[in-house]
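Since every read-out is calculated from the coordinates, none of them should be taken as a lab result. Just so we're clear, the structure is a prediction, and the values are computed from it rather than from any experiment. Counting neighbours? That spans all protein chains shown, and the Cβs are built from the backbone with ideal geometry, glycine included.
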Amino acid sequence: MARRIILMAVLAPIAALAGCMSGPNYAPPPSPPALQSHGFLRGGADASAEPPLARWWEGLGDPQLSGLIARGLADAPTLVAAEARLRQARAGNAGDRAGLLPTLGPSALYAKAHLPGEALGGSSGDIDLFNVGFDAQWELDLWGGKRRTVEASKAEAGAAAARLADAQVSLSAEIARRYIDLRARQSGLVLLAQREDLDHQLLILARERFAGGTAAHQSVEAAEAQWEGTQADQAQARAEVTALRDGLAVLVGAVPGALDDLPSGAIPLPPAQLVVGDPAGMLGRRPDIRVAERKFAAAHARIGVEVAQRYPQVSLMGILGVGGSSASDLFDSAQISTIALPRLTWNFIDFGRTAAAVRGARAGSDAALADYHAAVLSALQDAESALGRYGAARIAAGDAMAQASHARAIAALQTMRAHAGTLAAADAIAADRQALDALQAEEQARAAMTQAYVAVAKSLGLGWNAPPAHVLNRQ
């Protein structure tokens, strides 16, 4: 009964101290006070404040693009590496949690000692000691330093998860950008082939006029140079198409050449209405903001880790075994021995090392908080700029479409005049060539508008999802 009272007297203050947590408790940083609650400033009149589509590429209505992005999100090496880093961070957190618990393991001991006679109560001699049993060790987390370490590693694991999501956002946007560039180059190749045919017709007409004595040789040279220039443009465009296909293949985790059989297609166009949500939703969705917030949480927890070093550290070691002075004692149940070894250490005189470490941890937390605020402001600027560029790209695309329509109408009138004999055939062909150039500008404007749509989706933090459990449990 007395032993129980003594044990309770010892454990009671330990249990009370076990609830202590060194350092300040974490509170998420507040949103910027100037955050517009009514929506983005440059969202435009046609933008909707509804929650945006996470799989934003489906709004482009291009099954081939959707398939490539799905393939990339499943197999891209950059995501596999990010998933591995997430598993690494979670394993580190599991190890820190295990550090809160005692360790227990088997032990075996043989010792041989030579002791003087006074120690043996008579003549000096040798002593053999045999013992087998279990050792237990436990460093008590009286001040919460270890729990703050677990808190920090958990926050780091959260940052790793956010980095994986950020990699997904960047990858889906990059695949879409390469795909749009590829479709624009393929469309340009078709138009260049038509322009090359017109240039050849102009060359033939120039040669005929020179042969008939109605034109100088200079016109022939100019027509030849124009024709050869178009052929050079075709060669450059074909090389760019090949490079873009190979770049897409690498992005989705395949070798160059794997997408050589990708069918041709038109440039995908964004939906008629842009759904952007609101700034607060964007900040809560962007993975890079989450990375910055989790890094701040980890740095904040490390203050408590360093503060805990100011106080005494208590550890317990226990031994339960059986043995004696001969090997036969190992099998004698009467030879059971128990040892309890509490230990207290306290570096209360360290000449300012702990105080310096605490100041350094607080400075690291302040820096992480400033990085978070900078990330928020950068995200807001990114979204507003992307929305502004998208609005401008839509206007430019509309103007390019109107100019191409005018150029086609002029070319049709010139062709009618040439057939009626009131205009030279070369002038009608030149008008057709100008119409092709206007159509090329229209295609480029369409591609630029869709690229701006991709930039908006990326700036809103769209295109990520939590990886399946079997991916994170890979060994």
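Here the dipole of the chain is about 1440 debye; that uses its Cα centre as origin and unit charges on the Cβ of Lys and Arg (positive) and Asp and Glu (negative). Look at Asp96, Asp427, Asp261, Asp141 and count the other Cβ atoms within 10 Å of each Cβ; fewest to most, that gives Asp261, Asp427, Asp96, Asp141.
Within the chain, antiparallel bridges make up roughly 95 percent of the DSSP beta bridges whose residues both belong there.
Neighbour counts of other Cβ atoms within 10 Å put Leu248, Leu316 in the fewest-to-most order Leu316, Leu248.
Using the Cβ-Cβ distance between Arg353 and Leu316 with R0 = 35 Å, the FRET efficiency computed as 1/(1 + (r/R0)^6) comes to roughly 0.85.
Taking the centroid of alpha carbons for each part, the stretch 158-199 and the stretch 391-444 are 27 Å apart. Computed from the C-beta positions of Arg417 and Arg85, the FRET efficiency with R₀ = 56 Å rounds to 0.25.
For the chain, the spread of Cα coordinates along the three principal axes comes to 138, 52, 40 Å, biggest extent given first. For the stretch 170-213, GluC sites (Glu not before Pro) are listed when DSSP marks them as loop and at most 13 other Cβ atoms sit within 10 Å of their Cβ; the list is empty. With Rh defined as the Kirkwood radius, the inverse of the mean 1/r over Cα pairs, the Rg/Rh of the stretch 242-288 is 1.21. Working note: 222 nm ellipticity from helices only, DSSP H runs with n ≥ 4, each -39,500 (n - 2.57), summed and divided by the residues of the chain, gives -22000 deg cm²/dmol to the nearest 500.
The distance linking the stretch 328-372 with the stretch 46-106 is 35 Å (Cα centroid to Cα centroid, whole angstrom). One way to sum up the overall shape of the stretch 129-268 is the equivalent ellipsoid from its Cα gyration tensor, whose semi-axes run 70, 15, 12 Å, largest first. In terms of overall dimensions, the stretch 210-305 has a Cα radius of gyration and Dmax of 27.7, 95 angstrom.
Considering only chymotrypsin sites (Phe, Trp or Tyr not before Pro) in DSSP loops that have at most 14 other Cβ atoms within 10 Å, the longest stretch of the chain without any of them is 1-345. Taking a straight line from the alpha carbon of Lys154, these lysines sit under 16 Å away, with near neighbours fewer than eight places off in the same chain left out: Lys146, Lys295.
Seen from His300, the other residues with C-beta closer than 15 Å to its C-beta sum to a net charge of +2, counting Lys and Arg as +1 and Asp and Glu as -1. Ordering Ala334, Val322, Gln309 by the projection of their Cα atoms onto the charge dipole of the stretch 307-412, which places +1 on the Cβ of Lys and Arg and -1 on the Cβ of Asp and Glu, puts Gln309 at the extreme positive end. Positive end of the charge dipole of the chain (Lys, Arg +1 and Asp, Glu -1 on Cβ, about the Cα centre): tell me which of Leu202, Trp138, Gly364 has its Cα farthest that way. About the Cα centre, the residue reaching furthest to the positive side is Trp138. Hey, fewest Cβ within 10 Å first, where do Ile339, Ile175 land in order? Going from sparsest to densest Cβ surroundings: Ile339, Ile175.
On the principal axes of its alpha-carbon atoms, the stretch 297-400 has extents of 100, 40, 14 Å, going from largest to smallest. Once the Cα atoms are used to define both axes, helix 353-420 deviates from the longest principal axis of the chain by about 20 degrees.
Kirkwood radius for the stretch 349-459, taken over all pairs of different Cα atoms as the inverse mean of 1/r, rounds to 18.7 Å.
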